[in-house]
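To keep things clear, I will list the structure first and then write my remarks on it.
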Amino acid sequence: MNEFVFVDYRLSEDCLAAFRRMGFVVIRLPSFRKLPAPVAAHPDMLICRVGETLLLPAEYLDAHRRCFSDYGLPVEGVEEPFSPDYPNDVRLNCLILPDGTVIGKEGAVARKILERATRFVPCRQGYTRCSTCLFGEKAAVTADPSVEKALSSLGYDVLKISPGGIPLPGYDTGFIGGCGGQLKKDRYAFFGALSRHSDRRANRSLALRYGETLTSMTEEALTDHGGFVTFRF
């Protein structure tokens, strides 16, 4: 059984090396022409893990099937049309909570995600997944007020951080959720140095309360690379 991690093909060599040292098989995602160029290879735009299935845009999957079929990974395509225009770019960029609840933009989330959801909570923010870090079962970090409201309504302990300060080449700013992801149970990893974020102490305090260890994979600037998706298969 292997542990896979899906990342943007532009991720730094230092981060790629860190994943490999931890034993992951690294799959670098090619760009999808139906997404804006800066985020066209971002995992949080291209892959949504629902249970033991990886959902991807059907057109993208057809073009790059060997990235997945060479390993026999359980993948399915979603048929909704993608385009660079919001919200047609966020079909897969929704937040899935541990209990199967889906938070996302109403009318934009792919049908196959909603069919498998325990419930759907609509949110004004379409980029719910890249806007949010989830710590444990009931804690989250976000700079977005609509995501904060949705999670708080579900009983989450939400840390609302200051917006901005996270580079995303091609845009004014990136999002905290795009800077990393859940590496293993109780271990959350950031691509760059959390110590360089203005709300680092509050982040660490929240994580500590919920038994989460925060790891900085490199000393690079904390940057939105679309997060990563792990899968054991």
Measuring with a 1.4 Å probe in the full set of protein chains, what accessible area per residue, in whole Å², belongs to the chain?
-> 44 Å²
Residue-ordered couplings for region 200-206, obtained by feeding phi - 60° into the Karplus form 6.51 cos²θ - 1.76 cosθ + 1.60 and rounding to whole Hz (Gly and Pro as x), are 4, 5, 5, 4, 5, 5, 5
Can you give the Kirkwood hydrodynamic radius of region 139-180 from its Cα pairs, in Å with one decimal?
-> 10.9 Å
If you take the Cα Rg of region 1-93 and divide it by 2.2 N^0.38 Å, with N the number of residues, what do you get?
-> 1.07
Among [x] 44, 39, 35; [y] 54, 37, 31; [z] 49, 43, 31, the entry matching Cα extents along the principal axes in Å as calculated here is [x]
The chain: relative contact order from alpha carbon pairs under 8 Å, six or more residues apart, as a whole percent, is 20 percent
Given the chain, what percent of its DSSP beta bridges are antiparallel, to the nearest 5?
-> 45 percent
Using a 1.4 Å probe on the protein chains only, how many percent of the accessible area of the chain belongs to carbon and sulfur?
-> 50 percent
Largest fluctuation, L46, L92, L214 only, Gaussian network model of the chain with Cα springs under 10 angstrom, belongs to L214
Grab the chain and count how many Lys pairs have their alpha-carbon atoms under 26 Å apart, sequence gap of 8 or more, or different chains.
-> 17
Counting only protein heavy atoms and leaving out ligands, DNA and RNA, the solvent-accessible surface of F175 at a 1.4 Å probe, in Å² to the nearest 10, equals 70 Å²
Mind listing the Cα extents of region 94-223 along all three principal axes, in Å, largest one first?
-> 40, 35, 23
For the chain, set up a Gaussian network in which alpha carbons nearer than 10 Å are linked by springs, and say which option among D44, D199, D172 fluctuates the most.
-> D172
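The values are calculated or read from the model by the stated rules, or taken from the named source; none is laboratory data. This one's a predicted model, so the numbers in the text were calculated from it and none came from an experiment. Ligands, DNA and RNA are excluded from the accessible area calculation, which covers all protein heavy atoms including side chains. Shrake-Rupley method; radii C 1.70, N 1.55, O 1.52, S 1.80 Å.
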